[in-house]
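In what follows, a single structure is set out as structure tokens and then discussed.
The values are calculated or read from the model by the stated rules, or taken from the named source; none is laboratory data. Worth saying up front: this structure is predicted, and the values here are computed from it rather than measured. FYI the Cβ positions are ideal-geometry reconstructions off the backbone, even for glycines, and counts take in every protein chain you see. The area values use the complete protein model at the heavy-atom level, side chains included, leaving out ligands, DNA and RNA. Shrake-Rupley method; radii C 1.70, N 1.55, O 1.52, S 1.80 Å.
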Amino acid sequence: MDRTASDLVRFVQDRAGGDPVRVGLILGSGLGHLAEAVDGIPIGYEQLPGFPQAGVSGHSPRLTVGQIGGVRVAVLGGRAHYYERGDAAAMRLPLEVVKGLGAESLIVTNAAGSLDPAMPTGSVMAIRDHINFSGMNPLIGEPSEARFVPMTDAYDAGLRAALLTAAQSTGTPCHEGVYAWYSGPSFETPAEIRAIRTLGADAVGMSTVPEIILARFLGLRAAALSAITNMAAGLSDESLGHEHTKRMAPLGAAKIETILRAALPGI
Ligand code: HPA
């Protein structure tokens, strides 16, 4: 951990207590209210130098450290996306802090478009694997040999099984599939969606992949859940846009909260 991250870890521990965190969570667009499920101390990103400051509407830029269902968590209520500044490593410091607080696992959530007609708006998908369709990488420029991160099992099978079991035990339908990272901020064209579908993706979105790469770089086990907010471009006549994403995210967010509450005690 570099000095900035360890300073921030101390700052957070002074406010939220020094007990180690077990799990880190990143909340996606329109999923920010999940932070309210945490019984703990919120710290605004403006108090954490190096954390993403401006952000995108629909996010709550706070780090909340506390308990969900008796498990100590660190919840990143907002994320920086590659498309904001062209910086794929923008979430590196927040993830270093989460790791420094003791987390061994990271669960990422996002809003995504569906490429599968059997997975409509309002569905939830556990990500089994991803396609880095943007070609960007948060480890470009990292000088250490640790940059050669294997991504074969990037999405931890045990963590994913815990999420799927929790979904099943709570009667919450949860799909499983491949997520493609499109840089954004424009949405995809129908031709791009047909291409991504042919490549093997089930959902598409503008985040998550750089965070999963960073998590694996930092030695965190990783899992991710997508809230499907729309059918991807050309697959329905929904009008795509950020307002639509924010309006539809709560449908999946409620399911994600149910799954997380049931899964966390076993993680
Ligand atoms: N494409 C990319 N990102 C998204 C979408 C989409 O259709 N829906 C929500 N985030």
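Across 5 Å bins from 0, what is the distribution of all Cα-Cα pair distances for region 88-194, in whole percents? Going from the shortest bin to the longest, the percentages are 2, 9, 15, 20, 21, 16, 11, 5, 1, 0. Between the helical axis of 242-263 and the longest alpha-carbon principal axis of the chain there is an angle of about 60 degrees. In terms of accessible area, using a 1.4 Å probe and ignoring ligands and nucleic acids, ARG247, ARG85, ARG261 rank largest first as ARG85, ARG247, ARG261. The HN-Hα couplings worked out from phi for region 77-88 by the Karplus form 6.51 cos²θ - 1.76 cosθ + 1.60 (θ = phi - 60°) are x, x, 10, 9, 9, 3, 5, 5, 9, x, 10, 6 Hz, whole numbers, x standing for Gly and Pro.
The Rg/Rh ratio of region 63-147, with Rg taken over Cα atoms and Rh as the Kirkwood radius over Cα pairs, comes to 1.00. Expressed to the nearest 5 percent, the antiparallel share of DSSP beta bridges inside the chain is 40 percent. Between THR152, THR172, THR109, the Gaussian network model of the chain with springs among Cα atoms under 10 angstrom shows the greatest mean-square fluctuation at THR152. In this structure region 39-159 gives 40 Å² per residue of accessible area when probed at 1.4 Å with all protein chains present.
Volume per residue for region 24-87 equals 76 cubic angstrom (convex hull of Cα atoms). All Cα-Cα separations within region 9-116 were binned at 5 Å from zero, giving a P(r) of 2, 13, 24, 26, 19, 9, 4, 1, 0, 0, each value a whole percent of the pairs.
The fraction of all Cα pairs in region 134-236 landing in successive 5 Å bins from 0 to the largest distance is 2, 11, 18, 20, 18, 15, 11, 3, 1, 0, given as whole percents. Angle, helix 190-199 long axis vs. longest principal axis of the chain, Cα atoms, 0 to 90°, nearest 10? So the helix axis and the longest Cα principal axis differ by about 70 degrees. Taking the centroid of alpha carbons for each part, region 1-41 and region 200-227 are 19 Å apart.
Extent along the principal axes, Cα only, for region 137-189: 45, 34, 14 Å, with the longest axis given first. Distance between the modelled labels on ASP237 and ASP19, one decimal in nanometres: 5.4 nm (7 Å Cα→Cβ projection).
The Cα-based radius of gyration and maximum Cα-Cα distance (Dmax) for the chain are 17.1, 51 Å.
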